[in-house]
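Take a look at the following structure, please.
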Amino acid sequence: MPIVNFISFNGQRHTVTASENQVLMQAAVDNGVPGIDADCGGQCACATCHVYIESPWAAAVPRMDEREDEMLGLTNERRDSSRLACQVVLTPELDGIEVHLPEGQH
Amino acid sequence: MLSQNHIQSAARDHAFSMPIEEIDPANPDYFQHDTIGHYFERLRRDAPVHHGHNPVFGNYWSVTRFQDIMAVDTNHAVFSSDWTHGGITLLDEPMEEARLQMFIAMDPPKHDVQRKAVSGIVAPGNLANMQSLIRERTCRVLDSLPRGETFNWVDKVSIELTTLMLATLFDFPLEDRRLLTHWSNVATSNKAVDPRAPSPEERLAELHNMLAYFTRLWNERVNAEPGHDLVSMLAHNPATRNMTPREYMGNLVLLIVGGNDTTRNSMTGGLLALSQNPAEWAKFRADPGLIDNMVSEIIRWQTPLSYMRRTAVQDIELGGKTIRKGDKVAMWYLSGNRDEDAIPNANQFLIDRPRARQHLSFGFGIHRCVGNRLAEMQLKILWEEIHKRFPVIEVVGEPVRVRSAFVHGYTELPVRIPA
């Protein structure tokens with residue numbers, strides 16, 4: 001059961017327990033973490049579950065595919081560490097991951 | 001005059017008895033009389049990917065279920081938006097100037113860089129800065145409304161608020177702001193569909209007037225320091241500063257229509273929906289904390305643009321049908337937003353519905369609405385301020401609807417605020 005730490009734009013920390021192999025977006029939505037909208041329901045089609053995953057965790061998440069890259073193009077707050085939370089599966093290696101939220105969702 | 005009940009039951013009989021291949025959901029009558037829902041219900045049940053014919057638009061596919069729409073909207077490699085194929089509406093304008101070159105009607109990579117040139121204006125930080133201005137204006141407009149007499153909500157509230165916002169985004173002279181409303185109406189008009197609309201020549205002449213006005217603004221701003229308005233952003237961004245006049249014209253139409261017709265019609269549609277569903281208005285009065293959810297539900301319920309068109313650039317299977325290269329495809333957002341398989345109780349207006357944000361009104365994929373957050377903020381402020389002032393706004397007559405299969409909206413909604 002991976003532990004996930006969501007850190008809001010103003011620094012507030014929400015620590016939640018996710019199910020293994022759940023996607024990061026669902027872990028946020030199921031636990032009422034504010035700042036993740038997921039308007040498309042997890043189909044990589046809206047870029048409203050934008051998060052930042054920094055080192056060292058960045059190395060442990062799978063690389064993004066072309067579609068995720070395209071959808072991240074919709075956000076103005078994109079950084080090198082940007083990901084869509086609906087595309088990140090919570091494998092056991094991600095237990096304890098820190099995830100930062102942008103100022104707002106697209 | 002026939003009663004609404006009679007019109008609706010006759011339309012339902014028609015929709016469910018006519019041969020399926022004869023259904024033409026782009027028929028503007030269905031939108032003018034608000035009977036389109038019956039035809040969509042039949043299509044979702046019997047032919048969710050449907051090939052039909054329209055006397056003005058020719059042959060076209062209609063995609064009416066939520067998940068099929070999502071599949072088309074997210075597959076831009078096969079379903080092109082590009083103006084060279086016909087763009088985003090069903091009418092194939094002549095290749096000359098009438099065919100608008102705007103980034104919503106472009107494929108990557110040009111789409112991406114032109115969109116990026118303007119999208120920052122609605123970035124989260126900028127939206128926060130706009131909030132107090134929007135509230136101040138909303139208060140002023142609401143406080144100036146007549147009491148105890150009938151007036152047109154569309155004109156006095158919906159058009160006024162959205163046009164003020166749009167003028168601010170362009171840093172457009174406020175005293176001329178109704179020109180923006182006029183150009184928005186002209187740009188989306190279609191003589192072949194609505195006899196009261198300007199002719200194609202008149203339409204183009206008006207778009208040139210718009211271009212001339214905005215070219216003056218461009219010339220002022222291109223030589224000044226970069227500002228925070230849309231014209232300055234376009235004039236200074238490397239991706240757009242060398243646009244042709246035709247591209248400038250196209251992108252202006254996109255920004256004017258996108259920032260105007262849509263929110264305007266959700267402002268009207270929301271009042272209509274709440275007045276037709278008094279139990280929902282009572283829920284909001286009792287718990288104003290429902291407002292974010294209610295705003296999403298209003299946008300779903302109204303679906304201010306009924307569809308977006310794509311053109312297949314290769315043969316592809318969808319819902320057991322083969323769509324051929326070159327075929328045009330309408331993604332009927334208005335229908336997908338009533339699809340019970342995707343949205344439980346989709347045919348009810350419920351301000352506290354779960355997952356209210358998961359609607360199709362903003363589209364999905366790379367062309368998703370740029371201004372979605374601004375639209376939500378405008379609607380939220382409007383309803384917060386209505387809630388503070390008016391326990392009741394009575395709708396005292398039938399709305400007059402736009403005769404269009406594309407713009408799903410109103411020209412009149414007679415209302416009265418008790419004295």
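Read the figures in this text as sums done on the coordinates, not as results from a lab. Predicted model only: the values in this text are computed from it and were never measured. So basically every Cβ, Gly included, is an ideal-geometry build from the backbone, and we count neighbours across all protein chains shown.
Can you sort B:Arg178, B:Arg357 so the residue with the fewest Cβ neighbours within 10 Å comes first?
Placing the least packed residue first, the sequence is B:Arg178, B:Arg357.
Right, next: Along the charge dipole of segment B:290-419, Cβ charges K/R +1 and D/E -1, which of B:Ala312, B:Trp332, B:Val396 sits furthest on the positive end?
In segment B:290-419, that residue is B:Ala312.
Please report, in debye to the nearest 20, how large the charge dipole of segment A:3-100 is about its Cα centre when each Lys and Arg carries +1 at its beta carbon and each Asp and Glu carries -1 there.
In total the dipole reaches around 180 debye.
Could you list the trypsin sites (Lys or Arg not before Pro) in segment B:126-171 that lie in coil according to DSSP, counting only those with at most 10 other Cβ atoms within 10 Å of their Cβ?
Passing sites in segment B:126-171 are B:Arg147.
So for segment B:4-416, taking the charge dipole from beta-carbon charges (+1 Lys/Arg, -1 Asp/Glu), which of B:Leu179, B:His236, B:Phe40 sits furthest toward the positive end?
Farthest along the dipole direction, towards plus: B:His236.
Right, something else. Which order do B:Ile69, B:Ile386 fall in if you start with the one that has the fewest other Cβ atoms within 10 Å?
Ascending Cβ contact count within 10 Å gives the list B:Ile386, B:Ile69.
Which ³J(HN,Hα) values in Hz, rounded to whole numbers, follow from the phi angles of segment B:242-247 under the Karplus curve 6.51 cos²θ - 1.76 cosθ + 1.60, where θ = phi - 60° and Gly and Pro get x?
Values, residue by residue: 9, 4, 6, x, 5, 6 Hz.
Mind checking Rg over Rh on the protein assembly as shown, alpha carbons, Kirkwood formula for Rh?
0.95
While we're on this one: Near A:Gly11, within a Cβ-to-Cβ distance under 14 Å, what is the net charge of the other residues, with Lys and Arg +1 and Asp and Glu -1?
Surrounding charge for A:Gly11 is -1.
Taking the Cα centre as origin and putting +1 on Lys and Arg beta-carbons and -1 on Asp and Glu beta-carbons, what dipole magnitude results for segment B:198-326, to the nearest 20 debye?
Once rounded to the nearest 20, the dipole reads 360 debye.
Ok, one more. So what is the calculated 222 nm ellipticity per residue for chain A, using -39500 (n - 2.57) for each DSSP H run with n of 4 or more, over all residues, to the nearest 500 deg cm²/dmol?
-3500 deg cm²/dmol
Loop only per DSSP, at most 14 neighbouring Cβ atoms within 10 Å: give me the trypsin sites (Lys or Arg not before Pro) in segment B:188-258, ordered by residue number.
Qualifying residues, ordered by number: B:Arg196, B:Arg241.
What is the order of B:Cys139, A:Cys49, A:Cys44, fewest Cβ neighbours within 10 Å to most?
Ordered by Cβ neighbours within 10 Å, fewest first: B:Cys139, A:Cys44, A:Cys49.
Alpha carbon centre of segment B:104-154 versus segment A:22-43: separation in Å?
That distance is 27 Å.
Let me ask another. Using a 10 angstrom cutoff on alpha carbons, build the Gaussian network for chain A and name the most mobile of A:Ala59, A:Ala85, A:Ala27.
A:Ala59
Once phi is turned into θ = phi - 60°, what whole-Hz ³J(HN,Hα) does the Karplus curve with 6.51, -1.76 and 1.60 give for every residue of segment B:297-312, x standing for Gly and Pro?
5, 4, 5, 5, 4, 6, 6, x, 10, 5, 8, 10, 9, 10, 10, 5
Here's something else I'd like to know. In segment B:301-390, which GluC sites (Glu not before Pro) fall in coil by DSSP and have 16 or fewer other Cβ atoms within 10 Å?
B:Glu340
Which value at 222 nm does chain B reach when only helices count, each DSSP H run of 4 or more adding -39,500 (n - 2.57), with the total divided by all residues and rounded to the nearest 500 deg cm²/dmol?
-14500 deg cm²/dmol
³J(HN,Hα) across segment B:11-25 via Karplus (A = 6.51, B = -1.76, C = 1.60, θ = phi - 60°), whole Hz, x for Gly/Pro?
Whole-Hz 3J(HN,Hα) from phi for segment B:11-25: 5, 5, 4, 4, 4, 8, 10, 6, x, 4, 5, 8, 5, 10, x.
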